[in-house]
Every structure is written in structure tokens, then in C-alpha cells.
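Okay, structure first, notes after.
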Ligand SMILES: NC(=O)c1ccc[n+]([C@@H]2O[C@H](COP(=O)([O-])OP(=O)(O)OC[C@H]3O[C@@H](n4cnc5c(N)ncnc54)[C@H](OP(=O)(O)O)[C@@H]3O)[C@@H](O)[C@H]2O)c1
């Protein structure tokens, strides 16, 4: 989802398509160190957007903890080290707001990192994402001056939009709700069951806004990036700036999809952290703001879902 949006953003800026190198999972398994090194030895890469990861919602994280920690650690370590070895000077690592402690003060600032226990349902994924930040920082600290490398990190909030995963068991909340409400509407069902109590509050960012933030951060002059970060606290939050309860989100999605039956909450399903809202002051003061509001973004996402998934 995000990789494709970054491509759209770069091409909209005029970067020629032939200058952008991509690999699908089937073409290059990033957990395979030898394959990743061989790729970088051949390809002449100037800068990397590291959007690949083992990604999933609360159920996938809860049931596949080994895959979430192992694959994400391997992807990051292989790419960052192979990039360094082959002389890549600029890299942007995509983490996640899951890196912050479960009970971090809201909204969560970058300096909340490593100040308390993580949310258990996605701790393995979060630990891998924290390792990604620390890989970037450690390579910068050891080789930044001697080799001129500049590896940066951004931590997005929950994302949604074109290219999302609409699988009911393994998806995030917005694509799951879009599919559920759409299917209920098509089947004239009287109710839709939503996981959890509906009380948790979450923040959502449209994926093209995330892509514009990635390109913005990648293109910042080093002096600007350094002014707003520290060598061992270098990541930048990417948020929308407002959160919403899951029950209000469900109402909003039902409205966009056109489902007018009942919404029932399955309280046997886990809620996850009570609230997750990022403090994006760092990025805002670096000149970036989101463009797409939640209702507008949901309409765009539903249009795409209908075109590709909802037939
Ligand atoms: N979506 C969100 O709400 C969200 C929120 C916060 C952070 N993020 C972060 O944003 C980044 C992009 O996420 P996304 O939502 O765009 O996820 P996505 O749509 O699942 O994209 C991830 C891509 O990585 C590929 N990939 C996974 N394992 C790989 C491997 N071993 N080798 C090569 N490719 C591999 C996947 O291919 P296959 O699908 O074929 O496996 C997929 O194309 C990730 O770092 C994620 O952690 C996402």
C-alpha cells in the first residue's frame, strides 16, 4: 500500500519511472541476506524508501508473533547493512506508532520511545520497528561522517487507502470495516459485528498523505533534519493530528458505505491499547501537513474497494 503511494508521489513530482527501482516479494525475498546483498551489488541505488515489512492487524500480530519479529528484523537489517555496503547515502525507514509504550502520555511524542512497557498484542512487531530506528541511528553515528550516509526514520500512525489489505482476519480496522459493511449492505444483513468494545481511540492517515510525508522527510536538507532531531532520538512521527473512537469510526464507515443496520460490538475480541494519537509537532514544524480528511479519505478508499475488491 505505502510503497505504491510513494511511487505515485515521486512520479507526480516528475521523477522518471525508469529511475525508480522496485522489487516485489516474489522477485526478492528481503529476509534472504545473500539475495539482498546480490541485489544491491548489481543495482545502482542512490536512495531507498524501506516500505516493505511483515504487516497486519491485531489478530495477525497476536497469532504470528514469531513471523512478525523475525521477518521484520531480517528485512531491516539486511537492507540497511547491504545499502551501507553498496554506498547508498540516503535511506528512509518506515516504522510504526506501535513503538511507543502502551500507556504513553497522549499525544505521543518522539521522546516517549523506550520509556515503558509496550502493548503486548504487537510487542514483537514493535521491538523489530524499534530495532529499525536504532539500526539507522547506529549506522549514522558510526559511519555518518566517514561515509556521508544519512539514514532517517518516520513513524506513521494507522494508514488506509488504495492498495490496502481487505482480508477480514489479517487486516487493519478500516479495511475490515469497509469489507464488513459493504458485504452486509450487499447481503441486506441486519447487523454488523465489530471487534472489541468500540472504546479505543485511534488516529488514521490517508496513504497518499503518508507518501507525501515520506518524500518530504527524505528531501529535507540535513541541517533541517538535524535541527529537529537528535542522533539517538532521530525518528519523526507522521500523524493526522486527531483521533476517533472505534465506535464513531464504525458509524462513519457505515455511512460512507451506505449500511443502515445495527452495529454490535464483540467484546471477546481484544481492544489493544486504549488510545493511540501521535504528536506530529516535529513534522509539522518541518513544513508538512496532511491534506485528506477522514471522511474524504474513507470515500476514496471505498471507491477503490468497489473497483477492485467488492465485486
Ligand atoms: N498499514 C498501516 O496501517 C501501517 C501503519 C504503520 C506503519 N506501517 C508501516 O508502513 C510500511 C508499509 O506498510 P503497508 O501498509 O504498505 O504494508 P503492505 O501493503 O503489506 O506492504 C508491505 C510490502 O512488503 C512486502 N514484503 C513483506 N515481506 C517481504 C519480504 N520478506 N521480502 C520482500 N517483500 C516483502 C509485502 O509483500 P507481500 O504482501 O507479497 O508479502 C508488501 O508488498 C511498513 O513498514 C509498515 O510496518 C503501516
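Any residue in segment 48-65 that is without any contact (Cβ under 8 Å) to a residue 24 or more places away in the chain and more than 16 Å from residue 271 (Cβ to Cβ) sitting within a Cβ distance under 7 Å of a residue that is within 12 Å of the ligand (Cβ to nearest atom) and part of a loop (DSSP other than H, G, I, E, B)? List the pairs, counting only those 6 or more apart or interchain. Short answer, once both residue conditions are applied: none. Considered as a group, the residues in segment 270-296 that are in a helix (DSSP H, G or I) and touching a helix residue (DSSP H, G or I) at 6+ places or on another chain (Cβ under 8 Å) include one that is nearest to residue 211 (Cα to Cα), and that residue is 283. Within segment 116-123, identify whether any single residue is closer than 19 Å to residue 49 by Cβ, more than 15 Å from the ligand (Cβ to nearest atom) and not in a helix (DSSP H, G or I), and answer yes or no. Within segment 116-123, none of the residues are closer than 19 Å to residue 49 by Cβ, more than 15 Å from the ligand (Cβ to nearest atom) and not in a helix (DSSP H, G or I).
Considering segment 201-264, the qualifying helices (runs of 4 or more DSSP H), each wholly inside and each with 3 or more residues that are farther than 20 Å from residue 13 by Cα, run over 222-228, 246-257.
Of all residues in segment 126-156, those satisfying the criterion of being touching a helix residue (DSSP H, G or I) at 6+ places or on another chain (Cβ under 7 Å), assigned to a helix (DSSP H, G or I) and surrounded by fewer than 23 Cβ atoms within 10 Å (Cβ to Cβ) are 127, 130, 131, 135, 139, 143. The residues in segment 31-77 that are within 18 Å of residue 87 (Cα to Cα), out of contact with any strand residue (DSSP E or B) (no Cβ under 8 Å at 6 or more places or on another chain), at pLDDT 95 or above and not in a helix (DSSP H, G or I) can be counted, and the count is 1. Looking at 159, 177, just one residue is within 16 Å of the ligand (Cβ to nearest atom), buried (at least 19 other Cβ atoms within 10 Å of the Cβ), assigned to a helix (DSSP H, G or I) and in contact (Cβ under 8 Å) with a residue 12 or more places away in the chain, and that residue is 177. In the set (1) outside any helix (DSSP H, G or I); (2) touching a helix residue (DSSP H, G or I) at 6+ places or on another chain (Cβ under 9 Å); (3) without any contact (Cβ under 8 Å) to a residue 60 or more places away in the chain, the condition left unmet by residue 24 is number (2).
Taking segment 73-101 as the range and being away from the ligand (no atom under 16 Å from the Cβ) and on the phi < 0 side of the Ramachandran plot as the test, the residues that pass are 84, 85, 86, 88, 89, 90, 101.
If I filter segment 1-40 down to residues being within 12 Å of residue 75 (Cα to Cα) and within 10 Å of the ligand (Cβ to nearest atom), which single residue comes out as surrounded by the fewest Cβ atoms within 10 Å (Cβ to Cβ)? Per the criteria, the residue is 25.
Within segment 41-50, track down each residue that is surrounded by fewer than 21 Cβ atoms within 10 Å (Cβ to Cβ) and either over 11 Å from residue 21 (Cα atoms) or away from the ligand (no atom under 14 Å from the Cβ) (or both). Listed by number, the residues that qualify are 41, 42, 43, 44, 45, 46, 47.
The values are calculated or read from the model by the stated rules, or taken from the named source; none is laboratory data. Computed from a prediction, not measured in an experiment: that's the story for all the values here. Virtual Cβ from ideal backbone geometry, glycine too; neighbours counted across all protein chains shown.
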